[in-house]
Structure formats: structure tokens, C-alpha cells
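Only one structure is covered here, and it is reproduced in the block below.
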Amino acid sequence: MTVEEIRSGIESRGTELHGMDRTVLMRALKVLENKGKLAVFKGTSADDEGVKFSI
């Protein structure tokens with residue numbers, strides 16, 4: 001899943017994540033990454049960043 005899908009995708013509609021400020025979302029994702037809950041993958045551009053969640 002990409003960061004943009006989290007912010008504005010169909011799956012996030014109706015949730016607190018939809019339309020969230022990108023900076024705030026990236027901070028939250030970084031906290032979860034540090035806790036081992038997910039991994040953020042850098043792409044060739046900011047719109048290309050991906051997130052892989054751990055279960």
C-alpha cells in the first residue's frame with residue numbers, strides 16, 4: 001500500500017486517516033515502524049513511498 005493510498009484511497013474513506021496531513025501521517029508511520037509494526041519503503045518520489053504492515 002502506498003502512503004497516498006492511506007491518505008486518499010478508497011480503503012481509507014470514512015476513517016481518520018483519509019485526508020490526513022502527510023507530515024503527521026509520516027510521523028505516525030515512523031513511530032509504528034520503530035515498534036516493528038510496519039516497514040516504510042522509499043520510492044523514486046514522495047508519491048511512491050510504500051508501507052508494508054506486519055501482523
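FYI, it's all coordinate maths here, none of it is from the lab. Every value quoted in this text rests on a predicted model; they were computed, and no experiment measured them. All Cβ positions, even for glycine, are placed from backbone atoms using ideal geometry, and neighbour counts span all protein chains on display.
Quick notes
- Identity of the residue in the stretch 23-55, β-branched (Val, Ile, Thr) and not in a helix (DSSP H, G or I), that ends up surrounded by the fewest Cβ atoms within 10 Å (Cβ to Cβ): 55
- So residue 20, is it surrounded by 12 or more Cβ atoms within 10 Å (Cβ to Cβ), part of a helix (DSSP H, G or I) and not acidic (Asp, Glu): no
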